[in-house]
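Novice: Before I ask anything, here is the structure I am working with.
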Amino acid sequence: MEKTFNPYDVVYTVLITERGTNLTDKYNKYLFKVNPASNKVQIKAAVEAIFPEVKVSAVNTMNYLGKSKRMRTAKMGKRPDWKKAVVTLSEGKIELL
């Protein structure tokens, strides 16, 4: 049995930050929070499936470690690790708001 491809299991959300909006305006690049286990090929296919009017030319990824946080007791907790993808579009635009 072949598992069906769900692009929303790869791409979680669009990151809207000051740096991200500057990249979008100048270079047509968009920031996404993605599944840490996904690779660049899967991210490209997922973005093109979610937004059919765009064509992805490049994907760059960065892994981030979760911050340590102090809980109500003296024990230290930790936020989950996550992954960010910078997707460069050759054609089309993504309407964010």
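We did not get these values from a lab; they are worked out from the coordinates using the rules stated. The structure displayed is predicted, hence computed values, not measured ones. Using ideal geometry, Cβ is built from the backbone for each residue, glycine included, and neighbour counts are taken over all protein chains shown.
Novice: Compute the orientation-averaged projected area for the stretch 15-96 from the convex hull of its Cα atoms and round it to one decimal in nm².
Specialist: Averaging across all directions leaves 6.4 nm² for the Cα convex hull.
Novice: A further question on this structure: Quick one: length gained pulling T73 to S57 fully straight, 0.36 nm per residue minus the C-alpha distance?
Specialist: Gain on stretching T73 to S57: 1.0 nm.
Novice: Taking the 0 to 90 degree range and rounding to the nearest ten, how far is the long axis of helix 40-50 tilted relative to the main principal axis of the chain, both from C-alpha atoms?
Specialist: 70 degrees
Novice: Report, in degrees rounded to the nearest 10, the 0 to 90 angle that the Cα long axis of helix 18-27 makes with the longest principal axis of the chain.
Specialist: For helix 18-27, the angle is close to 20 degrees.
Novice: Report the paramagnetic label zone for Y12: residues of the stretch 54-94 whose backbone N is under 18 Å from a point 7 Å from Cα along the Cα-to-Cβ axis.
Specialist: It comes to 60-69, 77-87, nothing else.
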